Amino acid sequence: MQHNNPQSVQPNQEDFKLKDTSPKLGERWPGGGVRGGGGWMSGDKFTSTYDLVEQMQYLYVRVVKAKELPTNSMTGSCDPYAEVKLGNYKGKTRHFEKKTNPEWNQVFAFSKDKIQSSVLEVFVRDKDMVGRDDYLGKVVFDLNEVPTRVPPDSPLAPQWYRLEDRRGEGKVRGDIMLAVWMGTQADEAFPEAWHSDAASVHGEGVFNIRSKVYVSPKLWYLRVNVIEAQDVHPNDRNRLPEVFVKAQVGSQLLKTKVCPNRTTNPLWNEDLVFVTAEPFEEHLVLTVEDRVHQSKDEVLGKISLPLTLFEKRMDHRPVHSQWFNLEKYGFGVLEGDRRKELQFSSRVHLRVCLEGGYHVLDESTLYISDQRPTARQLWKQSIGILEVGILSAQGLLPMKMKDGRGNTDAYCVAKYGQKWVRTRTIIDSFSPKWNEQYTWEVYDPCTVITLGVFDNCHLGSNEKPGGGSSARDSRIGKVRIRLSTLESDRIYTNSYPLIVLHPSGVKKMGELQLAVRFTCLSLANMIYLYGHPLLPKMHYLHPFTVNQVDSLRFQAMNIVAVRLARAEPPLRKEVVEYMLDVDSHMWSMRRSKANFFRIMSLLSGMITASKWFDDVCQWKNPITSVLVHVLFVILICYPELILPTLFLYMFLIGI
């Protein structure tokens, strides 16, 4: 059962404020180069470290493969799997049917804080579909002898171990290849490992609890300039057509105006702008239609063009126009008719290009995380590095009911630029600890990073990797940090309130603890960047209308949501829409009141001054009125004192 209404107790104003924290952050300890947070930088710009999170120790067990396993005397085959046991925790590999030389290559991670045994056991069993699984052998490790690995050291080489019998007194047939080591969350194996604290998750639900990095698709504006058409004849030859063009790219549909003149050679010269993403999978579908009457349109011609056909331009240089023959809608298939149609076919005149000089907005105007143009050739050099340590959350509220009690399976998503990150899901905890660190390149400090916390509702064993369930991950809250407010090379450790607007009002859902650091690579580049406009040049030379921007932003968000939902595991549509403020264009009483009070605070100085002047005129304070009149007379007699008096007044106000 979904528990949508949080506690009804109204928190005080202090609960909504930012709080300083003092987490026990690690020293500058190395991080794995291929982890989700480290290693994202290209070349040697940045050496990955994990000093913004608390170190968490894990025992890693990599089960690679086995060989020469014995077969069952009854069936003559072997369906092997491996079981890793540490105290009360058990992890199992997948099993193979009729295979004596299986290859699993699976990693198991056990949190050191929860280790309850000094012995690690790895069993190999033969799966019995009917009765009890047969024992094939085991390998035992003393945890005191397990080596420690610190990235960027190379991964520990696995080795073959001879299987022992139940009592460990003799060898049995078969060998297993294993690697066992102590490491941290910076290890390359961490994201893909089976975790002991998520042992209750089975089946395909395991795919949905792992930490991942996602990349937004590269978005382009497609500008279609519909110029004119020729030889457009209506089905009814006794009337002249009222022609318009309908253009469609995927789910986006736009129309030109109806040509004001009834003619077979209509002229429009209208621009239709769409959003599309690489790789270009959709086609541009154009139909020329006749407005027979208000409720009926007849298709006169149609054409489908792949987007790879059109050129990409970086600036506003001219684009060559082209004539395209329209496929006649529903004409005969006789040989003579087809030749006649091709000889006298209708044509449409277009000028189409993919715009790379604009920044394709997929976020709310107030919270842009990337202001670069689409074309990589126009990118400037990065000015800094943004590092975010996602530490933990505190005081989360129950988001759903499980086994008769409140439950929350929380994970965190962060978005900046084209890079999205998703932490692992912490199962059944109101105070989850992630301690994962991620890194972004910064090209403009006037940007915002967005972090959201969600409740994972896709942990069932019937989940499909493609996200076949109809359940939706519940939103717990969202945090935004403006990079322009961060000092360079300073570590900010704060607890941010997670606030969600419900029909009953604003509710605090918990707190998110972060460690943030912005490192400036070049002060000269920073100063140079501040001297230039925020958005690319094309946004100012040939701007879009307000209605176009709203529509294009909405379409861009839909495209990003669809593409990220196709990843494995998917970053679901409800998560992407919440992070990108898909409903930011909707009218809100709360937002309207907030904007009204902002305007009033801006004008408060003028209002206060006018009230004071009115009090002087009304002689509500006679002494003040007399002094003002005396000053007024002095300034009339000695006008050269006007400017010195104003400057003195401003100086005193400044002090």
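The values are calculated or read from the model by the stated rules, or taken from the named source; none is laboratory data. In this text, all values refer to a predicted model and were calculated from it rather than measured experimentally. Cβ sites come from the backbone with ideal geometry, for glycine too, and all protein chains shown count toward neighbours.
Figures for the structure shown
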read-out	value
Residue 53 within 37 Å of the chain's Cα centre (by Cα), outside any strand (DSSP E or B), crowded, with 17+ Cβ neighbours inside 10 Å and not small (Gly, Ala, Ser)	yes
Scope region 327-350; condition modelled with pLDDT of 90 or more and of a type outside the set (Lys, Arg); matching residues	348, 349, 350
Residue 391 touching a residue at least 60 places away in the same chain (Cβ under 8 Å), part of a loop (DSSP other than H, G, I, E, B) and not β-branched (Val, Ile, Thr)	no
Unique residue being free of Cβ contacts under 8 Å to residues at least 24 places away in the same chain and assigned by TED's automatic domain parsing to the domain that holds residue 319 when the list is 261, 235	261
Positions within region 394-448 being assigned to a loop (DSSP other than H, G, I, E, B), of a type in the set (Ser, Thr, Tyr) and either touching a residue at least 60 places away in the same chain (Cβ under 8 Å) or touching a helix residue (DSSP H, G or I) at 6+ places or on another chain (Cβ under 8 Å) (or both), in sequence order	408, 423, 425, 443, 447
Among (1) hydroxyl-bearing (Ser, Thr, Tyr); (2) surrounded by 18 or more Cβ atoms within 10 Å (Cβ to Cβ); (3) over 30 Å from residue 435 (Cβ atoms); (4) outside the structural domain of residue 63 (by TED's automatic domain parsing), the one test that residue 251 misses	(2)
Residue in region 306-316 that is over 26 Å from residue 536 (Cα atoms) and without any contact (Cβ under 8 Å) to a residue 40 or more places away in the chain present	yes
Residues of region 489-530 satisfying the condition of being under 19 Å from residue 393 (Cβ atoms) and small (Gly, Ala, Ser)	495, 510, 515
Residues within region 264-284 that are free of Cβ contacts under 8 Å to residues at least 40 places away in the same chain, over 28 Å from the mean Cα position of the chain (by Cα) and within 24 Å of residue 361 (Cα to Cα), tallied	0
Unmet criterion (only one of (1) closer than 20 Å to residue 446 by Cα; (2) β-branched (Val, Ile, Thr); (3) not assigned by TED's automatic domain parsing to the domain that holds residue 487) for residue 599	(1)
Set 391, 366: member being modelled with pLDDT of 90 or more and either over 16 Å from the mean Cα position of the chain (by Cα) or buried (at least 22 other Cβ atoms within 10 Å of the Cβ) (or both)	391
Any hit, region 112-120, residues being touching a His at 6+ places or on another chain (Cβ under 6 Å) and not basic (Lys, Arg)	no
So residue 308, is it part of a helix (DSSP H, G or I), closer than 30 Å to residue 418 by Cβ and at pLDDT 90 or above	yes
Within region 76-134, tally of residues that are of a type in the set (S, T, N, Q) and outside any loop (DSSP other than H, G, I, E, B)	3
Residue within region 586-600 that is touching a strand residue (DSSP E or B) at 6+ places or on another chain (Cβ under 9 Å), exposed (fewer than 12 other Cβ atoms within 10 Å of the Cβ) and not aliphatic (A, V, I, L, M) present	yes
Test: residue in region 275-287 that is more than 27 Å from residue 563 (Cα to Cα) and charged (D, E, K, R)	no
Hits in region 568-581 - residues which are at negative phi, assigned to a loop (DSSP other than H, G, I, E, B) and either surrounded by 15 or more Cβ atoms within 10 Å (Cβ to Cβ) or free of Cβ contacts under 8 Å to residues at least 40 places away in the same chain (or both)	569, 570, 571, 572, 580
